[in-house]
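Read the figures in this text as sums done on the coordinates, not as results from a lab. Just so you know, these numbers come straight off a predicted model, no measurement behind them. No Cβ is skipped: glycine too gets one built from the backbone with ideal geometry, and neighbour counts run over all protein chains shown.
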């Protein structure tokens, strides 16, 4: 996803944001972070989807990324704004984390690109 930004026009470049960093922002800035990523950014890529912890907000569990993804789904439906994500998890694992409703939305939002398990990591 980082390389993709080198091949597209400047106005189409996307922000790449780690889901763990987003969770850290929630602790620092509060629930406005959900709206920040669910509604205000154009194209975005969420890195390492599913590895973030469940956030506590005033004692209540909050699945930050589930809420953001539902907001991004609305952006796609109404404004055709794209969302990208990277993950090492499969669809069943994502459903266990986010639930069936979010999995259903993910199915319509994303094209799945998989790599064989023996594929060498290209990041090094």
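Structure summary
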read-out	value
Bridge type composition, the range 14-109 - antiparallel percent by DSSP, nearest 5	30 percent
Mean separation of Cα contacts under 8 Å, 6 or more apart, over the residue count of the range 14-109: relative contact order %	30 percent
Highest to lowest packing among 104-115, 63-74, scored as the average C-beta count within 10 Å	63-74, 104-115
Fewest-first sequence of 19, 117 by Cβ atoms within 10 Å of each Cβ	117, 19
Relative packing of 92-98, 45-51, 82-88, which averages over residues the other C-beta atoms within 10 Å, highest first	45-51, 82-88, 92-98
